[in-house]
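Following: one structure in structure tokens, then a few remarks.
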Amino acid sequence: MCIAIPPPGTGARRPVAPPRRLYFTGAALQSGLLLALAGLAVAGLPVRLPQGLPAGLGWVLAGLYGVIPFLLLGHLLEVLPRRLEVGEPDYLRYGGAFFLVSGGLFLAWTGVFLGPFTLAAGIGLVLAGGLPLLGYLGEAVRWAPARERLRGRAIRRGAGLCWAGIGAAGAGALGAGSPAWLAALGLGVAGTGLIVAGGWGGSR
């Protein structure tokens, strides 16, 4: 399904909060939840990590997929429309994605104590939340002027790698074991690197 993006300056008004404020607030909340999770684990609440997931790698993945994306999106959704010379995403898209991803992460964090299937369900919600933003990136690249498409493609491909990495984490939660968790780490690091290269390069 093709979703048209209007030219610059014609995007819908943001009825609640601009992307930067919303997603940076999300990063702070997720950081607080992770600290609370660590406190509960230290206090002795039994942790039920999925098969093949060492605790250290689990914390790395939690930061990579639970905090960093909010920081990246808070920046990109503000500056990318200007850099690619396309319209801004409407609130239904970036706000809906925010609440789906936030709800999915909260479910995933509780899954650390309730078991792998709750964790997998949370990861599924995060995957669903990423779809509207991937759709926006795809349309933004299509509408961007030729000189900016390389930047847009790098960001879109990086986001796709991160989305695939979340899927690999979901497979790990369902029992795929160490290879899935290592794939989630590799895809997340590579995808984040591409996003940073595309989103922070240049001077526009």
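The values are calculated or read from the model by the stated rules, or taken from the named source; none is laboratory data. This structure is a prediction, so every number in the text was calculated from the model and none was measured. Neighbour counts are summed over all protein chains in view; Cβ atoms, including those assigned to glycine, are modelled from backbone coordinates with ideal geometry.
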* Please state which of the following conditions residue 38 fails to meet, knowing it meets all the rest: (1) within 21 Å of residue 101 (Cα to Cα); (2) under 21 Å from the mean Cα position of the chain (by Cα). => (2)
* Asked: Which residue pairs have Cβ atoms under 6 Å apart, sit 6 or more places apart or on different chains, and have a first residue in the stretch 52-68 that is closer than 16 Å to residue 175 by Cα and a second that is polar (S, T, N, Q)?
  -> 52/178
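Go through 141, 126, 101 for me and flag whichever is surrounded by 17 or more Cβ atoms within 10 Å (Cβ to Cβ), at pLDDT below 95, in contact with a helix residue (DSSP H, G or I) (Cβ under 9 Å, 6 or more places away or on another chain) and on the phi < 0 side of the Ramachandran plot. Spell out how you get there, then give the answer.
On the way: 126 fails: at pLDDT below 95; 101 fails: at pLDDT below 95.
Answer to the check: 141.
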* List every residue pair whose Cβ atoms sit under 7 Å apart, with the two residues 6 or more apart in sequence or on different chains, where the first one lies in the stretch 13-24 and is surrounded by 13 or more Cβ atoms within 10 Å (Cβ to Cβ) and the second, anywhere, is modelled with pLDDT under 90 and charged (D, E, K, R). => 18/78; 19/78; 20/78
* Structure fact -> Of (1) surrounded by fewer than 22 Cβ atoms within 10 Å (Cβ to Cβ); (2) out of contact with any Asp or Glu (no Cβ under 9 Å at 6 or more places or on another chain), residue 78 fails just (2)
* residue 86 β-branched (Val, Ile, Thr), closer than 16 Å to residue 170 by Cβ, crowded, with 21+ Cβ neighbours inside 10 Å and in contact (Cβ under 8 Å) with a residue 60 or more places away in the chain -> no
* Would you pick out the residues in the stretch 169-204 that are aliphatic (A, V, I, L, M), closer than 24 Å to residue 113 by Cβ and under 14 Å from the mean Cα position of the chain (by Cα)? -> 169, 184, 185
* To do: Please name all residue pairs, on different chains or six or more residues apart, with Cβ atoms under 8 Å, provided the first residue is in the stretch 141-152 and is farther than 15 Å from residue 82 by Cβ and the second residue is of a type in the set (Val, Ile, Thr).
  => 149/141
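In this structure, is residue 71 surrounded by 19 or more Cβ atoms within 10 Å (Cβ to Cβ), hydrophobic (A, V, I, L, M, F, W, C) and either out of contact with any Cys (no Cβ under 7 Å at 6 or more places or on another chain) or part of a helix (DSSP H, G or I) (or both)? Break it down into steps so the answer makes sense when it comes.
Numbers: surrounded by 19 or more Cβ atoms within 10 Å (Cβ to Cβ): no; hydrophobic (A, V, I, L, M, F, W, C): yes; either out of contact with any Cys (no Cβ under 7 Å at 6 or more places or on another chain) or part of a helix (DSSP H, G or I) (or both): yes.
No, not satisfied.
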